[in-house]
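Please find one structure pasted underneath; my questions will follow.
The values are calculated or read from the model by the stated rules, or taken from the named source; none is laboratory data. A quick note: this is a predicted structure, and the numbers were derived from the prediction, not measured. With ideal geometry, Cβ positions are generated from the backbone for all residues, glycine too; neighbour counts draw on all protein chains shown.
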Amino acid sequence: MADPVVPLNRLWQLLRCLLLSWLCLAGAAQAAELGTGAARVELWPSLSMLAETGPRLSAQVALAAAQAGQFGRPDGAKGALGLRQGAVWLRIPLQVASQDDGEWVLELDYPPLNHVEVYLLYQGQILQQATLGNLQPRATRPLASRNHALPLSLPPGRRSELLLRVQTQGAMTVPITLAKPAAYQSHALSEQLLQGLLNGLGLALLVYSLAQWLSLREPLFAKYALLITGSLLFSLLQFGTGAQFLWPDSIWMEQHAGGLSALIAACGSYLFIEQALQGSSLLFRRLMWGGAALTQLSALVFAFDLIDVRVITVIISTLGLAPAVMGLPGALRRARQRDAIGWCLLLAWLVYLLTTAVAIGVIKGRLDANFWTLHAFQFGASFDMLMFMRVLGLRTAAIKQAAAEARHERDLLHALAHTDALTGLANRRGLQLRMDELLARRRPEHQLALFLLDLNGFKQVNDRHGHETGDALLVAVARRLQAKLHPGDLVARLGGDEFVVVCAELSQPQQAEALGERLLEAFSSPFQIGTLSCELGMALGQALAPQDGGGLPELLAHADAAMYRGKRAQSAAAFFAP
């Protein structure tokens, strides 16, 4: 009789083999199909990974490990492997259509990758290999592009393998694609144009702020320029245009530009926000200046390699968000007061926090690496630059408004100091300033006439009808005197009922006599103050410059002597100085 256990064991072994085969097929990455119509193919769905935990592996050993099933699908987001200490191997099986020419371009669109070794294998043999990365000399790069690219000649109609060994100090972000040469060039030109627009915007804002700072000497423009410099430097590094055009083959810049740019931007943020929210407490100002000093110290220490990238990353993650956090209460207070500066800062910080969260998500391998997530922080930084420029404009407008108000107040105080408050005429101080100007401009062939007027009968009107009537009568006298003069002539009130009339640019003394007659005629008719009709007389003394003196005190003395001669003579005529 047959043992019933044997068939059961065989059945179990068969099921186990089927189960293992299914698991292997489920875990194995399918080959990327090339040449089937798409000119650009993302390789991440076909990618498997092996972390290099021990000694450095060779390409053959890594391929053997892949064939032994030691590679596995990467966990987490697409194209983002997070922060890793060591190197990783990536394996991508490729299947090229038989009708395809096999000419493709491998592209890793993340310029900050330090070291990438690429191996193209067919049937276990290396067909092509290259070393990419931002620490490699540009002369050794297969393509002089801003990112890492390598032309590949794949065997048509055959299955081949791509092996990549990736090692970097920062985020291991690996958005990897294969594209036909024409598609690769089109994509590269589009990205180059985008970087030109964004970096050009930053450069234009930087030049403008520096020019304004040099011309206006306003410190806020210099602080904005510092902020823009950090943001622009970060974009140039992150998207490869800096190494492509500004610092080719500078290993120091590639290793330090990221940390330094973030610290420079943070320093500018501390200083800019502190002044933009001027009026805050002394403690807030000291904290902001202290934060700016810490960023400068950190940048100096990092520049001399006294701390590494990982330490500077922790410092940046702490100090970089602090300006927004500390400035938030002041911005909220201004926003509640309907101040546009507060709203601009709040909107800028909101966008900054959102885009920073996206960038951190990609760096830590929690968000897919695609066009929008890779450019999120750059877009957010550009928006922040424009919002801060708006803040700068509002702050500058406020400064100009304050300066205009100060000038107006100064002019008002000057006018009050040189103007008679009752009549609006120049007072003694205003008369002195005006006379200095007229005498300095007087030409030798011309004369200047000064008339000193004293009202007769004013005291009786003032005593009988009150000071209000007397004040109104003085105002009426001032207006009537002004009506008898030319626009360039001057009427001043020395005090009480004494007035001075100055007429410049006279070519002969007879003109002064005619003016004196017109002034006397001004008092020939009574003054109507409400229902009261007032008749006033006037004593008038005249002096001429330069005959009677070259300054106001001398001319007034001569005119006063002439006026009293007229009073003694009791004549309604203009008396000249002897």
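Cβ contacts < 6 Å: first residue under 15 Å from L34 (Cβ atoms), restricted to segment 177-199; second residue assigned to a strand (DSSP E or B) and hydrophobic (A, V, I, L, M, F, W, C), any location; separation 6+ or different chain. Result?
Note: pairs meeting the criteria are L178/V41; L178/W104; L178/L106; A179/V105; P181/V105; Y184/V105.
Condition check: among the small types (G, A, S) and either out of contact with any Pro (no Cβ under 9 Å at 6 or more places or on another chain) or free of Cβ contacts under 8 Å to residues at least 12 places away in the same chain (or both). Does G259 satisfy that? Lay out the reasoning, then the answer.
Details: among the small types (G, A, S): yes; either out of contact with any Pro (no Cβ under 9 Å at 6 or more places or on another chain) or free of Cβ contacts under 8 Å to residues at least 12 places away in the same chain (or both): yes.
The answer is yes for G259.
Quick one: would you say R334 is closer than 19 Å to L220 by Cα, of a type in the set (D, E, K, R) and either assigned to a loop (DSSP other than H, G, I, E, B) or touching a residue at least 24 places away in the same chain (Cβ under 8 Å) (or both)?
yes
Looking only at segment 192-217, count every residue that is under 13 Å from the mean Cα position of the chain (by Cα) and surrounded by fewer than 18 Cβ atoms within 10 Å (Cβ to Cβ) and tell me the total. Write out each step before concluding.
At the first step, the residues of segment 192-217 found to be under 13 Å from the mean Cα position of the chain (by Cα) are 201-213.
Right, trim to surrounded by fewer than 18 Cβ atoms within 10 Å (Cβ to Cβ) and you get 201, 203-204, 207-208, 210-211, 213.
Residues flagged as under 13 Å from the mean Cα position of the chain (by Cα) and surrounded by fewer than 18 Cβ atoms within 10 Å (Cβ to Cβ) within segment 192-217 amount to 8.
A further question on this structure: Working only within segment 495-504, note down all residues that are in a strand (DSSP E or B) and either free of Cβ contacts under 8 Å to residues at least 24 places away in the same chain or among the charged types (D, E, K, R) (or both). Step through it out loud before you land on a result.
Pass one, segment 495-504, residues in a strand (DSSP E or B): 495, 498-504.
Listed by number, the list holds a single entry, E498.
Sticking with this structure for a sec: Out of A68, A64, report the one residue that is farther than 19 Å from Q129 by Cα and without any contact (Cβ under 8 Å) to a residue 40 or more places away in the chain.
Just one listed residue meets the conditions, A68.
Mind telling me which of the residues A402, A369, A397, A376 ends up being assigned to a helix (DSSP H, G or I), surrounded by 15 or more Cβ atoms within 10 Å (Cβ to Cβ) and at negative phi?
A376
Being surrounded by fewer than 18 Cβ atoms within 10 Å (Cβ to Cβ), without any contact (Cβ under 8 Å) to a residue 24 or more places away in the chain, in a loop (DSSP other than H, G, I, E, B) and out of contact with any Ser or Thr (no Cβ under 6 Å at 6 or more places or on another chain) narrows it down to one of Q85, Q99, so name that one.
Q85
Cβ-Cβ under 6 Å, sequence separation 6+ or interchain: first residue in segment 108-137 and not assigned by TED's automatic domain parsing to the domain that holds V61 and aromatic (F, W, Y), partner surrounded by fewer than 18 Cβ atoms within 10 Å (Cβ to Cβ) and part of a strand (DSSP E or B). Which pairs?
Partner pairs satisfying both residue conditions: none exist.
How many of the residues in segment 288-320 are in a loop (DSSP other than H, G, I, E, B), over 19 Å from the mean Cα position of the chain (by Cα), at negative phi and not hydrophobic (A, V, I, L, M, F, W, C)?
Keep residues of segment 288-320 that are in a loop (DSSP other than H, G, I, E, B), which gives 304-308, 320.
Remaining after also requiring over 19 Å from the mean Cα position of the chain (by Cα): 304-308.
Checking the rest, the ones that are also at negative phi come to 304, 306-308.
Now restrict to residues that are not hydrophobic (A, V, I, L, M, F, W, C): 308.
Selection size over segment 288-320: 1.
So, E513, is that one modelled with pLDDT under 90, assigned to a strand (DSSP E or B), of a type in the set (D, E, K, R) and surrounded by fewer than 21 Cβ atoms within 10 Å (Cβ to Cβ) or not?
So E513 fails the test.
Considering only segment 321-342, state which residues are of a type in the set (G, A, S) and either under 18 Å from the mean Cα position of the chain (by Cα) or over 15 Å from A266 (Cα atoms) (or both).
Correct list: A324, G327, G330, A331, A335, A340, G342.
Please give the number of the condition T423 fails out of (1) of a type outside the set (G, A, S); (2) surrounded by 13 or more Cβ atoms within 10 Å (Cβ to Cβ); (3) in a helix (DSSP H, G or I).
The number of the failed condition is (3).
Now, a different point. Would you check which residues across segment 50-64 are surrounded by 16 or more Cβ atoms within 10 Å (Cβ to Cβ) and either assigned to a helix (DSSP H, G or I) or aliphatic (A, V, I, L, M) (or both) and list them? Outline the logic, then answer.
First pass over segment 50-64, keeping only residues surrounded by 16 or more Cβ atoms within 10 Å (Cβ to Cβ): 50, 52, 57, 59, 62-63.
Passing the criteria: L50, L57, A59, A62, L63.
Among the residues in segment 144-151, are any surrounded by fewer than 18 Cβ atoms within 10 Å (Cβ to Cβ) and either in contact (Cβ under 8 Å) with a residue 12 or more places away in the chain or aliphatic (A, V, I, L, M) (or both)?
yes
Considering every residue within segment 220-228, establish whether at least one is in the same structural domain as S269 (by TED's automatic domain parsing) and free of Cβ contacts under 8 Å to residues at least 24 places away in the same chain.
Checked segment 220-228: at least one residue is in the same structural domain as S269 (by TED's automatic domain parsing) and free of Cβ contacts under 8 Å to residues at least 24 places away in the same chain.
Among what's in segment 135-165 and is part of a helix (DSSP H, G or I) and of a type outside the set (V, I, T), pick the residue that is farthest from E107 (Cα to Cα).
Residue satisfying both the conditions and the ranking: A139.
Follow-up question, since we're still on this one. Go through (1) hydrophobic (A, V, I, L, M, F, W, C); (2) under 18 Å from P248 (Cβ atoms); (3) in contact with a Gly (Cβ under 6 Å, 6 or more places away or on another chain) one by one and return the number of the condition A144 breaks.
(3)
Can you name the residue in segment 452-494 that is in contact (Cβ under 8 Å) with a residue 12 or more places away in the chain and among the charged types (D, E, K, R) and, of all such residues, is surrounded by the fewest Cβ atoms within 10 Å (Cβ to Cβ)?
Selected residue: K459.
Residues checked against (1) under 23 Å from F388 (Cα atoms); (2) crowded, with 20+ Cβ neighbours inside 10 Å; (3) in contact with a strand residue (DSSP E or B) (Cβ under 8 Å, 6 or more places away or on another chain):
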{"position": "M288", "(1), (2), (3)": "yes, yes, no"}
{"position": "A292", "(1), (2), (3)": "yes, yes, no"}
{"position": "L297", "(1), (2), (3)": "no, no, no"}
{"position": "F302", "(1), (2), (3)": "no, yes, no"}
{"position": "D305", "(1), (2), (3)": "no, no, no"}
{"position": "T318", "(1), (2), (3)": "yes, no, no"}
{"position": "A322", "(1), (2), (3)": "yes, no, no"}
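Could I ask something else about it? Please go through segment 65-79 and give me each residue that is closer than 14 Å to I92 by Cβ and part of a loop (DSSP other than H, G, I, E, B), ordered by number.
Across segment 65-79, the qualifying residues are F71, R73, P74, K78, G79.
Hey, another quick one. Taking segment 472-506, which residues are of a type in the set (D, E, K, R) and farther than 15 Å from G541 by Cβ?
Those that are of a type in the set (D, E, K, R) and farther than 15 Å from G541 by Cβ: R479, R480, K484, D489, R493, E505.
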